[in-house]
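What follows is a set of notes on a single structure, which appears directly below.
Nothing in this text is a laboratory measurement; each read-out follows from the coordinates by a stated rule. Computed from a prediction, not measured in an experiment: that's the story for all the values here. Counting neighbours? That spans all protein chains shown, and the Cβs are built from the backbone with ideal geometry, glycine included.
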Amino acid sequence: MSIKKIHLFAIVFVALFISSCQSQEEKAIDKLDTLVERVEKNGNDYSADDWKAVVKDLEAINKEMENYDYSKEELKEIGRKEGRIMVMMTHEAAKYLKNNYQSILEGVGSFAKGIKEGVESDLDEEKMEQIGDDIEKGLNNIMNDLFE
């Protein structure tokens, strides 16, 4: 084997060794980086299910990161990256609210009307339970509208 081949083999070996030595902490940060890049690149076209997947991925990354000790600087960087994702999520939620405010307001109006009617009527236990069920359904409908 020639000296050039030995040097090339040594360089490749060292490069592979260094890349495999990346810590678990760094791998978790890399996962967060990948998620941030994906959201910033494609977030404008995400459906509600896509956003749910982003939340699930972010929760998994955060859970993984809980196992490690990060420096203050690393924590600042992690917070900055998570903040970038939150800005995209907030922006998309605001767009949804802007585009669907009428139906949301109607849902809130019906919800408020139900509360008013319940307060104005004589409230026996059965009626209170029904009002509670109606409130829960109304809130669930609003939440479902927000994330669909």
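The label point for THR90 and the one for SER47, both projected 7 Å from the Cα toward the Cβ, are 2.8 nm apart. The overall shape of region 21-76, judged from the alpha-carbon gyration tensor, is prolate: a/c is not under 1.5, and a/b is greater than b/c.
Length gained on full extension, ASP33 to LYS98: 20.4 nm, using 0.36 nm per residue less the C-alpha separation.
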